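The values are calculated or read from the model by the stated rules, or taken from the named source; none is laboratory data. Computed from a prediction, not measured in an experiment: that's the story for all the values here. Quick reminder, even Gly has a Cβ in these numbers, built from the backbone with ideal geometry, and neighbours come from all protein chains shown. Calculation scope for accessible area: heavy atoms of the full protein, side chains included, ligands and nucleic acids excluded. Shrake-Rupley method; radii C 1.70, N 1.55, O 1.52, S 1.80 Å.
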Amino acid sequence: GAGKAFCSGGDIGEMGKRGDRTPLMRKNELAGHVHRVPLTLEAMDKPVIAVPTSVGYGAGFQGLAPLLTMLNSCAAGIAVMNIDNGFGAGVLAHRINLLGEKT
């Protein structure tokens with residue numbers, strides 16, 4: 001705040017104090033924040049079907065940002081549909097239910 005530059009969300013002074021961490025440590029720390037939702041869903045004992053929507057919050061780029069986030073998370077047990085593909089999600093859910101009836 002005291003200078004002429006603008007920085008959104010980061011304290012430059014604090015960033016300079018992080019010299020004790022290696023780049024790999026910093027990457028792993030960030031990955032824990034970025035992939036929090038997929039990792040939480042991965043821990044569930046039921047299959048999860050993710051359907052990113054084209055209407056969203058912030059800069060979602062018509063659903064591309066949430067789609068790529070889910071795809072890049074590589075979380076196990078999550079099926080990721082294409083943007084706004086609720087029909088495909090419903091078909092997959094139905095097929096999962098049919099598998100449960102066969103056992």
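The residue that is farthest from the chain's Cα centre (by Cα), counting only those in the stretch 68-103 that are under 17 Å from GLU42 (Cβ atoms) and of a type outside the set (A, V, I, L, M), is GLY77. Per the conditions (1) open to solvent by 70 Å² or more (accessible area, probe 1.4 Å); (2) at pLDDT below 90, the sole criterion not satisfied by GLY3 is (1). For the stretch 48-97, filtering for residues that are assigned to a loop (DSSP other than H, G, I, E, B) and in contact (Cβ under 8 Å) with a residue 40 or more places away in the chain leaves 1.
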